[in-house]
Amino acid sequence: MKEKQKGERSAIPFSVENAPKTSYTPLHTLTLPTPQTEISYLAIISICFACYMEILLLHEKSPIIVSIKWYSWFLKLYRLLHTDENIASCGDISNYSHPHFISHRIETSISVLLYIQLIAGLLAAATTNTRLRIVEEEDNKLLITQKLVKSKKERKSEMWKQWQWKWSSIIKFFLIFFLAFEIAPTSSSDYACKFPHHSSYLFCDASLPTLTRAHSLVSLLTLPEKILLLSNNASSIPRLGIPAYQWWSESLHGVAVNGPGVSFNGTIPSATDFPQVILSTASFNRSLWLHTAAAIAREARAMFNVGQAGLTFWAPNVNLFRDPRWGRGQETPGEDPMLASAYAVEFVRGLQGLRGIQEAVVDDDNDDDDALMVSACCKHFTAYDLEMWKQFARYNFNAVVSQQDLEDTYQPPFRACIKQGKASCLMCSYNEVNGVPACASEELLGLARDKWGFKGYITSDCDAVATVYEYQKYAKSSEDAVADVLKAGMDINCGTFMLRHTESAIEQGKVKEEDIDRALLDLFSVQLRLGLFDGDPIRGRFGKLGSEDVCTPEHKTLALEAARQGIVLLKNDKKFLPLDRDIGASLAVIGPLATTTKLGGGYSGIPCSLTSLYEGLREFAERISFAFGCHDVPCDSDDGFPEAIDTAKKADFVLIVVGLDATQETEDHDRVSLLLPGKQMDLVSSVADVSKNPVVLVLIGGGPLDVSFAEENQQIASILWVGYPGEAGGKALAEIIYGEFNPAGRLPMTWYPEAFTNVPMNDMSMRADPSRGYPGRTYRFYTGSRVYGFGHGLSYSDFSYNFLSAPSKISLSRIIKDGSRKRLLYQAEKEVFGVDYVPVNELQNCNSLSFSVHISVKNLGDLDGSHVVMLFSKGPKVVDGSPETQLVGFTSLHTISNKSTDASILVHPCEHLSFADEQGKWILPLGLHTLSVGDVEHIVSIEIF
């Protein structure tokens, strides 16, 4: 090896293998961003350059020679980074060796930096020997170091040194400014259709139809590029100026941390945490759901604008809460298909619409109905409601569902989500449906597109394509799995399975390029509707939204209101609640969940504020004490009971907070019991027995609980279910306890007794079957005993109802199709039992049958408050599987103490009074239908003549 001459500059190593094993002085410790962050290498280059400039301006070598050497080094490094095989050369980052992790911004950035460096070199003194080495990364940290060798010659001119320091300060300022601009979390510097290099493409022309632009974009892509776009972590296409995109973001009840598309490490550290869906649904308030979704959309757009979120959010979850043990039932709008459909429509409209709580600031008057604020995704399609039960797991479970149940129970929320809500995304589920994986079912996905008119993209649940082959063994090979899902109509795979196997599927002739083109058209169409190809989003219609639009007072107030309206009063003997705040009585709060600040449930984000139920109550109670009783939710030990009992004895009133958390119910974890976990029941009874007054029991959790013991215990005067109330839950509960808010929530699901756990969880049948001792599911078909029924919920006021107007008879004669009329009339005349029902598809212009039911609601109490009016129907049982009763409509209204308020509910007989027969065909029973509100009934007769 050639001996280095005195004064000769050391060569700059390009990899850790070339770095000499000598001591060094660390100047920076840089933590690499995630692979999805495309400015990683730009940050490294910029900081390396900043270090070099610091030294360059302090020493005295030829600036021109140094500039040339550094220019050469930068170009070599840039080319190195753009080589797929060598992306990992800067340390041990071989996991990042995918080309879309390299930003096309590096080329421009290097050029700008080099121009600054050249000017600095001409203005500053030369440097002595400088060695810059990139050393081996440890634990994903990169150490950038320098070693300085002192020059033999000292500076001769003090004046030159002063000029040098002056220019050093100037250059450092520009470098820091440039680096801050590049690394700042804003999407404006990394977007498609940049002017002038990439804005001339046809797909960048916002005046053209969406489909035209999408076709243009697909036509410009090579096959390898197309394949790289079939994952949720879609690659960049540098030659077309298209940045990488992360499709997976979550916003179930607020922008959540679950998806990799969302980050709270930036200018926005938190987002409004609204109540979990099951509690929001308990409000039965459509406008509340709409406004909540609109607020989430506003915060999501704001986070996108600062580079902390995507624009495609995989919410809402509209599966039905079929089984009370399901760990994800908390995420759903309950057990009723009509209720879940209504929630789905409002949430999707709010999330995708162009209006927030207040009008969003836009830069144009464009009223494009096709545009999206963010994209909503209805999931999980379909019949998905089991995580892990015995040998059944969601990855290998085959949901055997009758056509009757599929049509009138499992599918309605998805149908409404698409037809009325106009959702732009549909997620197919892990499970099989009648032997075919949901993501590979042409029947299911074709139904959504062809019959329901779905316009958007279909994504798999994460790794659901892999399960088609690896778990379910439906496909014979990985390539067959890719072919099955693409031909069924799925567009994108959450995961990497299709990235790894699509090319070989094409080579084997199992997938055609046209199959991929079809998928890409769906994907690009949604991105175009989101404005992702309209240039700089900061200059777009939502570009002014930012950090000041997240965690706003309006959103926090809305979260509080949602919690207030959702909390359900299950029991209130002798009107024990509300407590009188003015008497100054002491309050003891007992229970393992009283001080937790994790009140959002599954798929939560980082709340604007962290407040426990205890802290909320402390704002209202002058004298308050606390004891855990159980050290955690599983409550395996009663060691804390003595302290809890002693605390309870000393207080005037006692509030016990128990229930569930993520250790009991969550994704991938179902419950095995409906009882309170561990020794919680013993804690409640022990504390109630020694308290001066009857106690208040507060239940946290998403799933139903068998609290029959508490319902029957006279020492437990009141029971409140607060679900997962979100960030404002503490204040909402305190307001209800002390009478500042009159509770109005209603249960959106049946609360079953513990004996229901004997029912096999894998039995998907909704209808009861006495022959095998099967009791049925949900209030529509369940024939067993209940702890609390669907729609149960008390108030501090009593209410009376009166039907003001509703028809007594509906004739179908004018809307029966000609051919069907003759047949039905003949049957009615000749058959002994006449006609029992009319197939809905034999009726034309069903909407003409619609009628309004006007109801008077009187608040008989001394408190004003919200009240939910629920209209049910019980029809004649004309065929097997007729519902016991079903929800027809609902409305939430504000009532005044001792005054009446009128409500109106629109009824569509073909939709609300019908159900599916055994073949899955909708039928409208003839005869007497009983409409009921509370204990008041009205009869409507549906007849042919």
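Nothing in this text is a laboratory measurement; each read-out follows from the coordinates by a stated rule. Worth saying up front: this structure is predicted, and the values here are computed from it rather than measured. Here Cβ is always computed from backbone atoms with ideal geometry, including for glycine, and neighbour counts include all displayed protein chains.
Select from region 400-459 those trypsin sites (Lys or Arg not before Pro) which occupy a DSSP coil region and have at most 11 other Cβ atoms within 10 Å, ordered by residue number.
none
Label region 297-351 by shape, choosing from rounded, prolate and oblate, from the square roots a ≥ b ≥ c of the eigenvalues of the Cα gyration tensor; if a/c is under 1.5 it is rounded, and otherwise prolate applies when a/b is larger than b/c, oblate when it is not.
Here region 297-351 falls in the oblate category.
Test of understanding: ordering K575, K487, K809 by Cβ neighbours within 10 Å, fewest first, what list do you get?
Lowest to highest Cβ neighbour count: K809, K575, K487.
At q = 0.10, 0.16 Å⁻¹, work out log10 I(q)/I(0) for region 560-781 with the Debye formula, treating every Cα as an identical point scatterer and leaving solvent out; two decimals please.
The computed values of log10 I(q)/I(0) come out as -0.45, -1.11.
At what distance in nm do the modelled label points of S586 and V879 sit from each other, each positioned 7 Å from its Cα along Cα→Cβ?
With each label placed 7 Å out from Cα toward Cβ, I get 6.6 nm.
Kindly state, to the nearest 0.05, the FRET efficiency for V690 paired with N758, given R0 = 30 Å and r defined as their beta-carbon distance.
0.30
Among H669, H253, rank each residue by its count of other Cβ atoms within 10 Å, from fewest to most, as a rough exposure measure.
If I rank by nearby Cβ atoms, fewest first, I get H669, H253.
So which GluC sites (Glu not before Pro) in region 904-945 pass both tests, a DSSP loop state and at most 13 other Cβ atoms within 10 Å of the Cβ?
Here the GluC sites (Glu not before Pro) that fit, given the DSSP loop and packing criteria, are E918.
Compute the signed sum of charges (Lys and Arg +1, Asp and Glu -1) over the other residues within less than 9 Å, Cβ to Cβ, of A768.
Around A768, the surrounding residues sum to 0.
What residues qualify as long-range amide H neighbours of S604, i.e. H under 5 Å apart, gap of 5 or more or another chain, H built at 1.01 Å from N?
V257
Working out 0.36 nm times the residue gap between H908 and S609, then minus their Cα-Cα distance, what length gain in nm do you get to one decimal?
103.3 nm
Nearest 0.05, what FRET efficiency do N802 and F195 give at R0 = 60 Å with Cβ-Cβ as r?
0.35
Read phi for every residue in region 327-334 and hand back ³J(HN,Hα) as whole Hz from Karplus 6.51 cos²θ - 1.76 cosθ + 1.60, θ = phi - 60°, with x for Gly and Pro.
Per residue, the Karplus-derived 3J(HN,Hα) values read x, 10, x, 4, 7, 9, x, x Hz.
How high is the relative contact order of region 439-559? Use alpha-carbon pairs under 8 Å, at least six apart in sequence, and give a whole percent.
25 percent
Which shape class, rounded, prolate or oblate, goes with region 576-707 when its Cα gyration tensor gives a ≥ b ≥ c as root eigenvalues, a/c under 1.5 marks rounded, and past that a/b bigger than b/c marks prolate?
Oblate is the answer for region 576-707, as a/c is 1.5 or above yet b/c matches or exceeds a/b.
Can you give the extra length, in nm with one decimal, that the chain gains between S207 and F264 once fully stretched, where that is 0.36 nm per residue apart less the Cα-Cα distance?
Additional length available on full extension: 17.0 nm.
At 0.36 nm per residue, minus the direct Cα-Cα distance, what do E470 and D370 gain on full extension? Give it in nm, one decimal, please.
In short, 32.1 nm is gained.
Rounded to the nearest 0.05, what FRET efficiency do S708 and D769 have when you use their Cβ-Cβ distance and R0 = 22 Å?
Between S708 and D769 the formula returns 0.30.
What residues qualify as long-range amide H neighbours of Y774, i.e. H under 5 Å apart, gap of 5 or more or another chain, H built at 1.01 Å from N?
HN-HN under 5 Å from Y774: D769.
Name the residues whose placed amide hydrogens come within less than 5 Å of the amide hydrogen of H380, ignoring near sequence neighbours (fewer than 5 apart) on the same chain.
V318, N319
Checking the a/c ratio against 1.5 first, then a/b against b/c, what shape does the Cα gyration tensor give for region 616-655?
In terms of gyration-tensor shape, oblate.
Of the chymotrypsin sites (Phe, Trp or Tyr not before Pro) in region 493-587, which ones lie in a loop per DSSP and count no more than 16 other C-beta atoms within 10 Å?
Counting only loop positions with at most 16 other Cβ atoms within 10 Å, the chymotrypsin sites (Phe, Trp or Tyr not before Pro) in region 493-587 are F576.
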